[in-house]
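Only one structure is covered here, and it is reproduced in the block below.
The values are calculated or read from the model by the stated rules, or taken from the named source; none is laboratory data. These numbers come from a predicted model, not from an experiment. FYI the Cβ positions are ideal-geometry reconstructions off the backbone, even for glycines, and counts take in every protein chain you see. Calculation scope for accessible area: heavy atoms of the full protein, side chains included, ligands and nucleic acids excluded. Shrake-Rupley method; radii C 1.70, N 1.55, O 1.52, S 1.80 Å.
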Amino acid sequence: MLSSQIKFAIQGQEHIVNVADVDPNTTLNEYLRHHMSLMGTKRMCYEGGCGACVVAVTKTGEQKPMAINSCLVSILTCHGWKIDTIEGIGNPVTKYHPIQQTLANFNGTQCGFCSPGMVMNMYALFEKEKPTMAEVENSFGGNICRCTGYRPILSAFKSLCKDASTDLLGKYPDIEDMLCTKSKKSGVPKRELKVCISKHPVKVNFKDSQWTKVYTLKDLLGNLAKIGDDPYMLVAGNSAKGVYKLPTPKHYIDIIEVKELISHEVNGDMLRLGGNMSLTNTMDLFNEMAKTNDKFAYLKTMADHIDLIANVPVRNVSW
Ligand code: FES
Ligand code: FES
(Lines give C-alpha, C1' and ligand atoms only; values in the text may rest on other atoms or scores of the structure.)
(Ligands and ions follow the chains in the order given, each with its own letter.)
Protein backbone atom coordinates (compact mmCIF):
# COMPACT_ATOMS: atom_id res chain seq x y z
CA MET A 1 0.00 0.00 0.00
CA LEU A 2 1.34 3.42 -0.93
CA SER A 3 0.29 6.75 0.51
CA SER A 4 0.85 10.21 -0.94
CA GLN A 5 -0.10 12.17 2.16
CA ILE A 6 2.39 13.84 4.49
CA LYS A 7 0.85 14.25 7.91
CA PHE A 8 2.11 14.99 11.40
CA ALA A 9 0.88 16.34 14.72
CA ILE A 10 1.67 19.87 15.68
CA GLN A 11 0.97 20.87 19.28
CA GLY A 12 -0.94 17.57 19.47
CA GLN A 13 -3.25 18.27 16.52
CA GLU A 14 -3.10 16.35 13.25
CA HIS A 15 -1.98 18.37 10.24
CA ILE A 16 -1.91 17.28 6.59
CA VAL A 17 0.54 19.02 4.29
CA ASN A 18 -0.80 20.33 1.01
CA VAL A 19 1.98 19.03 -1.22
CA ALA A 20 1.19 21.65 -3.84
CA ASP A 21 2.55 24.22 -1.35
CA VAL A 22 5.94 22.61 -0.76
CA ASP A 23 8.87 20.91 -2.44
CA PRO A 24 11.63 18.65 -1.06
CA ASN A 25 13.69 21.70 -0.12
CA THR A 26 10.96 23.20 2.09
CA THR A 27 12.23 22.97 5.65
CA LEU A 28 10.17 22.46 8.76
CA ASN A 29 11.16 26.00 9.78
CA GLU A 30 9.81 27.55 6.57
CA TYR A 31 6.65 25.52 6.89
CA LEU A 32 6.03 26.52 10.52
CA ARG A 33 6.64 30.19 9.88
CA HIS A 34 5.24 30.74 6.38
CA HIS A 35 2.47 28.15 6.10
CA MET A 36 1.33 27.90 9.70
CA SER A 37 2.19 31.44 10.86
CA LEU A 38 3.98 30.04 13.91
CA MET A 39 6.56 32.81 14.15
CA GLY A 40 7.79 31.88 17.63
CA THR A 41 10.35 29.55 16.08
CA LYS A 42 13.16 31.79 14.79
CA ARG A 43 15.90 31.25 12.23
CA MET A 44 19.20 32.88 11.48
CA CYS A 45 22.11 30.78 10.20
CA TYR A 46 20.19 28.00 8.37
CA GLU A 47 23.17 25.75 9.08
CA GLY A 48 22.46 24.10 12.43
CA GLY A 49 24.82 26.46 14.23
CA CYS A 50 22.77 29.08 16.11
CA GLY A 51 19.88 27.10 17.61
CA ALA A 52 17.31 29.87 17.02
CA CYS A 53 15.17 27.37 15.12
CA VAL A 54 15.11 24.49 17.64
CA VAL A 55 11.81 22.63 18.10
CA ALA A 56 11.03 19.36 19.90
CA VAL A 57 9.92 16.36 17.85
CA THR A 58 8.91 12.83 18.75
CA LYS A 59 9.46 10.32 15.96
CA THR A 60 6.89 7.69 14.99
CA GLY A 61 6.58 5.02 17.69
CA GLU A 62 8.89 6.82 20.15
CA GLN A 63 7.88 8.26 23.50
CA LYS A 64 10.48 10.91 24.24
CA PRO A 65 11.01 14.10 22.24
CA MET A 66 14.34 15.29 20.92
CA ALA A 67 15.53 18.75 19.98
CA ILE A 68 16.15 19.32 16.29
CA ASN A 69 17.09 22.26 14.08
CA SER A 70 13.96 23.01 12.08
CA CYS A 71 16.09 24.91 9.53
CA LEU A 72 17.65 21.65 8.34
CA VAL A 73 14.92 19.01 8.39
CA SER A 74 12.68 18.76 5.33
CA ILE A 75 8.96 19.11 6.02
CA LEU A 76 8.46 15.84 4.12
CA THR A 77 10.65 13.97 6.61
CA CYS A 78 8.24 14.98 9.40
CA HIS A 79 5.61 12.47 8.22
CA GLY A 80 4.28 10.73 11.33
CA TRP A 81 6.09 12.96 13.84
CA LYS A 82 4.77 14.88 16.80
CA ILE A 83 6.12 18.43 16.73
CA ASP A 84 6.07 20.88 19.61
CA THR A 85 7.00 24.52 19.15
CA ILE A 86 7.46 27.31 21.65
CA GLU A 87 3.82 28.44 21.19
CA GLY A 88 2.55 24.97 22.05
CA ILE A 89 4.33 24.35 25.34
CA GLY A 90 3.18 27.59 26.96
CA ASN A 91 1.99 31.05 26.08
CA PRO A 92 0.34 34.11 27.64
CA VAL A 93 -3.13 32.63 27.07
CA THR A 94 -2.73 29.11 28.51
CA LYS A 95 0.10 30.20 30.86
CA TYR A 96 3.80 29.97 30.33
CA HIS A 97 5.60 26.67 30.71
CA PRO A 98 7.77 26.57 33.87
CA ILE A 99 10.91 26.53 31.70
CA GLN A 100 9.79 29.75 30.00
CA GLN A 101 8.84 31.29 33.35
CA THR A 102 12.12 30.31 34.99
CA LEU A 103 14.15 31.80 32.13
CA ALA A 104 12.30 35.09 32.63
CA ASN A 105 12.66 34.91 36.44
CA PHE A 106 16.44 34.62 36.12
CA ASN A 107 16.59 37.51 33.63
CA GLY A 108 17.82 35.04 31.02
CA THR A 109 16.27 36.90 28.12
CA GLN A 110 16.68 40.38 26.67
CA CYS A 111 15.78 40.76 22.98
CA GLY A 112 14.29 37.25 23.14
CA PHE A 113 15.49 36.11 19.72
CA CYS A 114 17.40 33.11 21.05
CA SER A 115 14.93 32.32 23.84
CA PRO A 116 12.51 30.02 21.96
CA GLY A 117 15.41 27.83 20.79
CA MET A 118 16.97 27.83 24.27
CA VAL A 119 13.65 26.87 25.87
CA MET A 120 12.85 24.13 23.35
CA ASN A 121 16.33 22.64 23.70
CA MET A 122 15.82 22.54 27.48
CA TYR A 123 12.26 21.24 27.06
CA ALA A 124 13.44 18.22 25.03
CA LEU A 125 16.28 17.59 27.49
CA PHE A 126 13.89 17.78 30.43
CA GLU A 127 11.21 15.58 28.86
CA LYS A 128 13.81 12.86 28.19
CA GLU A 129 14.92 12.73 31.82
CA LYS A 130 15.37 15.42 34.45
CA PRO A 131 18.98 16.45 33.66
CA THR A 132 21.94 17.20 35.89
CA MET A 133 23.62 20.60 35.96
CA ALA A 134 26.61 19.10 34.09
CA GLU A 135 24.29 17.86 31.33
CA VAL A 136 22.74 21.31 30.99
CA GLU A 137 26.18 22.93 30.88
CA ASN A 138 27.11 20.51 28.06
CA SER A 139 23.91 20.72 26.01
CA PHE A 140 23.75 24.32 24.78
CA GLY A 141 26.77 24.43 22.47
CA GLY A 142 24.34 24.79 19.57
CA ASN A 143 22.44 27.78 20.98
CA ILE A 144 23.87 31.24 20.48
CA CYS A 145 22.76 34.30 22.45
CA ARG A 146 24.01 37.62 21.23
CA CYS A 147 22.84 39.87 24.04
CA THR A 148 21.88 38.38 27.42
CA GLY A 149 25.01 36.38 28.10
CA TYR A 150 25.01 32.72 28.94
CA ARG A 151 25.34 32.83 32.73
CA PRO A 152 21.73 33.80 33.57
CA ILE A 153 20.40 31.42 30.91
CA LEU A 154 22.39 28.49 32.27
CA SER A 155 21.61 29.45 35.88
CA ALA A 156 17.90 29.42 35.03
CA PHE A 157 18.06 25.99 33.45
CA LYS A 158 20.39 24.57 36.11
CA SER A 159 17.90 25.61 38.79
CA LEU A 160 15.52 23.02 37.26
CA CYS A 161 18.02 20.15 37.49
CA LYS A 162 17.88 17.19 39.84
CA ASP A 163 21.17 18.24 41.46
CA ALA A 164 20.54 22.01 41.41
CA SER A 165 22.95 23.80 43.73
CA THR A 166 21.62 25.45 46.88
CA ASP A 167 22.30 28.96 45.59
CA LEU A 168 19.89 28.29 42.71
CA LEU A 169 17.41 26.08 44.53
CA GLY A 170 14.64 27.80 46.41
CA LYS A 171 15.16 31.02 44.52
CA TYR A 172 11.98 30.34 42.61
CA PRO A 173 9.31 27.62 42.98
CA ASP A 174 10.34 24.04 42.18
CA ILE A 175 9.46 22.97 38.63
CA GLU A 176 7.44 19.96 39.85
CA ASP A 177 5.24 22.30 41.94
CA MET A 178 4.96 24.69 39.03
CA LEU A 179 3.92 21.88 36.68
CA CYS A 180 1.26 20.60 39.16
CA THR A 181 -0.14 24.05 39.84
CA LYS A 182 -0.08 24.90 36.16
CA SER A 183 -2.09 21.87 35.07
CA LYS A 184 -4.57 22.29 37.95
CA LYS A 185 -5.12 25.96 37.25
CA SER A 186 -4.99 26.10 33.49
CA GLY A 187 -6.14 22.60 32.67
CA VAL A 188 -3.20 22.23 30.28
CA PRO A 189 -4.09 19.13 28.24
CA LYS A 190 -1.71 16.15 28.17
CA ARG A 191 -0.19 16.39 24.72
CA GLU A 192 -1.04 13.22 22.83
CA LEU A 193 0.15 12.27 19.35
CA LYS A 194 -3.16 12.19 17.57
CA VAL A 195 -1.78 11.50 14.10
CA CYS A 196 -2.31 7.87 13.10
CA ILE A 197 0.49 6.48 10.93
CA SER A 198 0.75 3.14 9.22
CA LYS A 199 4.32 2.40 8.25
CA HIS A 200 3.73 1.97 4.54
CA PRO A 201 5.94 3.77 2.00
CA VAL A 202 4.92 7.31 1.13
CA LYS A 203 5.51 8.65 -2.36
CA VAL A 204 5.03 12.28 -3.36
CA ASN A 205 5.52 13.45 -6.94
CA PHE A 206 6.78 16.95 -7.71
CA LYS A 207 7.34 18.60 -11.06
CA ASP A 208 11.02 17.71 -11.33
CA SER A 209 11.52 15.23 -8.53
CA GLN A 210 9.99 12.54 -6.42
CA TRP A 211 10.09 11.98 -2.64
CA THR A 212 9.73 8.50 -1.21
CA LYS A 213 9.73 7.60 2.48
CA VAL A 214 10.52 3.95 3.21
CA TYR A 215 10.41 2.02 6.48
CA THR A 216 12.20 -1.23 5.62
CA LEU A 217 15.44 -2.25 3.95
CA LYS A 218 13.45 -4.33 1.47
CA ASP A 219 11.48 -1.25 0.33
CA LEU A 220 14.69 0.78 0.16
CA LEU A 221 16.41 -1.80 -2.08
CA GLY A 222 13.24 -2.14 -4.18
CA ASN A 223 13.22 1.62 -4.77
CA LEU A 224 16.90 1.74 -5.66
CA ALA A 225 16.38 -1.04 -8.19
CA LYS A 226 13.49 0.88 -9.81
CA ILE A 227 15.45 4.13 -9.97
CA GLY A 228 18.27 2.53 -11.95
CA ASP A 229 20.92 5.04 -12.97
CA ASP A 230 18.90 8.18 -12.15
CA PRO A 231 20.55 10.55 -9.64
CA TYR A 232 19.14 10.08 -6.14
CA MET A 233 19.74 11.23 -2.58
CA LEU A 234 19.24 9.27 0.63
CA VAL A 235 17.76 11.70 3.15
CA ALA A 236 17.56 11.45 6.92
CA GLY A 237 18.05 14.47 9.17
CA ASN A 238 19.33 16.57 6.26
CA SER A 239 22.08 17.98 8.51
CA ALA A 240 24.63 17.95 5.67
CA LYS A 241 22.49 20.65 4.03
CA GLY A 242 24.11 23.17 6.39
CA VAL A 243 27.58 22.39 5.04
CA TYR A 244 27.25 21.03 1.51
CA LYS A 245 25.14 22.84 -1.06
CA LEU A 246 24.18 19.86 -3.18
CA PRO A 247 22.44 19.89 -6.59
CA THR A 248 18.81 18.79 -6.62
CA PRO A 249 18.53 15.09 -7.47
CA LYS A 250 15.63 13.50 -9.31
CA HIS A 251 14.79 11.10 -6.48
CA TYR A 252 14.84 11.63 -2.73
CA ILE A 253 14.55 8.53 -0.55
CA ASP A 254 13.84 9.24 3.08
CA ILE A 255 15.46 6.52 5.21
CA ILE A 256 15.23 8.11 8.66
CA GLU A 257 12.89 5.38 9.93
CA VAL A 258 14.27 2.26 8.21
CA LYS A 259 14.39 0.03 11.26
CA GLU A 260 17.23 -2.25 10.10
CA LEU A 261 19.47 0.82 9.73
CA ILE A 262 18.83 2.11 13.24
CA SER A 263 19.66 -1.11 15.04
CA HIS A 264 22.91 -2.69 16.28
CA GLU A 265 24.19 -6.17 17.02
CA VAL A 266 26.94 -7.57 19.24
CA ASN A 267 28.81 -10.67 18.16
CA GLY A 268 31.61 -11.69 20.54
CA ASP A 269 33.87 -8.66 20.72
CA MET A 270 32.43 -7.17 17.55
CA LEU A 271 29.81 -4.43 17.56
CA ARG A 272 27.99 -3.76 14.31
CA LEU A 273 26.07 -0.50 13.96
CA GLY A 274 23.25 0.18 11.50
CA GLY A 275 24.23 2.90 9.05
CA ASN A 276 21.51 5.22 10.28
CA MET A 277 22.15 5.27 14.04
CA SER A 278 22.14 8.91 15.06
CA LEU A 279 25.24 10.27 16.77
CA THR A 280 23.17 10.76 19.93
CA ASN A 281 21.94 7.15 19.93
CA THR A 282 25.46 5.93 19.16
CA MET A 283 26.85 7.91 22.10
CA ASP A 284 24.17 6.52 24.43
CA LEU A 285 24.89 2.98 23.22
CA PHE A 286 28.68 3.41 23.57
CA ASN A 287 28.36 4.79 27.11
CA GLU A 288 26.01 1.99 28.14
CA MET A 289 28.20 -0.77 26.67
CA ALA A 290 31.38 0.71 28.17
CA LYS A 291 29.69 0.65 31.57
CA THR A 292 28.33 -2.89 31.38
CA ASN A 293 30.91 -4.84 29.38
CA ASP A 294 34.67 -4.66 30.06
CA LYS A 295 35.46 -5.74 26.50
CA PHE A 296 33.88 -2.52 25.28
CA ALA A 297 35.30 -0.14 27.89
CA TYR A 298 37.11 1.72 25.09
CA LEU A 299 33.77 2.88 23.71
CA LYS A 300 33.60 5.52 26.46
CA THR A 301 36.51 7.32 24.76
CA MET A 302 34.72 7.14 21.43
CA ALA A 303 31.52 8.50 23.00
CA ASP A 304 33.52 11.38 24.50
CA HIS A 305 34.90 12.12 21.06
CA ILE A 306 31.44 12.17 19.43
CA ASP A 307 30.41 14.64 22.14
CA LEU A 308 32.81 17.10 20.49
CA ILE A 309 31.07 16.86 17.11
CA ALA A 310 28.54 19.61 16.29
CA ASN A 311 25.89 20.07 19.01
CA VAL A 312 22.90 18.28 20.57
CA PRO A 313 20.14 19.10 17.99
CA VAL A 314 22.50 18.30 15.09
CA ARG A 315 23.71 15.05 16.69
CA ASN A 316 20.08 13.99 17.22
CA VAL A 317 19.57 13.70 13.46
CA SER A 318 23.11 13.14 12.13
CA TRP A 319 24.74 9.89 11.17
S1 FES B 1 18.70 28.81 11.88
FE2 FES B 1 20.57 28.55 12.97
S3 FES B 1 20.50 26.51 13.61
FE4 FES B 1 18.72 26.73 12.42
S1 FES C 1 18.28 37.30 24.42
FE2 FES C 1 18.93 38.38 22.66
S3 FES C 1 19.97 36.87 21.53
FE4 FES C 1 19.64 35.93 23.43
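Which pairs, out of Lys158/Lys213; Lys158/Lys300; Lys218/Lys250, put more than 32 Å between their alpha-carbon atoms?
Correct reply: Lys158/Lys213.
Relative to the present Cα-Cα distance, how much length would full extension add between Lys218 and Arg151 at 0.36 nm per residue of separation?
Length gained, Lys218 through Arg151: 19.1 nm.
Which ³J(HN,Hα) values in Hz, rounded to whole numbers, follow from the phi angles of region 106-114 under the Karplus curve 6.51 cos²θ - 1.76 cosθ + 1.60, where θ = phi - 60° and Gly and Pro get x?
Values per residue, Gly and Pro as x: 8, 6, x, 8, 10, 6, x, 5, 7 Hz.
On full extension of the chain, what length is gained from Asn107 through Lys226, given 0.36 nm per residue of separation minus the C-alpha to C-alpha distance?
37.2 nm
Nearest 10 degrees, 0 to 90: what angle lies between the long axis of helix 217-227 and the longest principal axis of the chain (Cα atoms)?
50
With the other protein chains left in place, how much accessible area per residue, in square angstrom, belongs to region 263-316 at a 1.4 angstrom probe?
Per-residue value: 58 Å².
To the nearest 20 debye, what charge dipole does region 263-316 have about its Cα centre, counting +1 at the Cβ of each Lys and Arg and -1 at the Cβ of each Asp and Glu?
60
Given the Cα-Cα distance of Asp294 and Asn91 and 0.36 nm per residue of separation, how much length would full extension add, in nm?
That works out to 68.2 nm of additional length.
By DSSP, what percent of the beta bridges with both residues in the chain are antiparallel, rounded to the nearest 5?
Roughly 65 percent of the beta bridges in the chain run antiparallel, per DSSP.
Kindly identify the chain as rounded, prolate or oblate by the Cα gyration tensor criterion: order the square roots of the eigenvalues as a ≥ b ≥ c, call it rounded if a/c is under 1.5, otherwise compare a/b with b/c, prolate if a/b is larger, else oblate.
Note, shape of the chain comes out oblate.
What's the FRET efficiency of His200 with Lys250 using the Cβ-Cβ distance as r and R₀ = 25 Å, to the nearest 0.05?
My answer for the efficiency is 0.65.
Could you size up the charge dipole of the chain around its Cα centre, putting +1 on the beta carbon of Lys and Arg and -1 on that of Asp and Glu, and report it in debye to the nearest 20?
640
Taking N as the number of residues in region 263-316, what is its alpha-carbon radius of gyration divided by 2.2 N^0.38 Å?
Normalised Cα radius of gyration, region 263-316: 1.10.
Relative contact order for the chain: what percent, with Cα pairs under 8 Å and sequence separation of 6 or more?
19
Could you look at the chain and say what percent of its accessible area is carbon and sulfur, using a 1.4 Å probe and all protein chains?
About 54 percent, which is the carbon plus sulfur part of the accessible surface.
Please turn the phi angles of region 71-83 into ³J(HN,Hα) values with the Karplus equation 6.51 cos²θ - 1.76 cosθ + 1.60 (θ = phi - 60°), one per residue in order, whole Hz, x for glycine and proline.
Using θ = phi - 60°, the values come out as 6, 9, 6, 5, 4, 6, 5, 6, 3, x, 8, 9, 10 Hz.
Place a point 7 Å from the Cα of Met44 along the Cα-to-Cβ direction; which residues of region 111-127 have their backbone N under 12 Å from it?
111-118
Just to confirm the number: angle between the C-alpha axis of helix 175-186 and the first principal axis of the chain, 0 to 90 degrees, nearest 10?
Taking Cα atoms only, the helix is inclined about 80 degrees.
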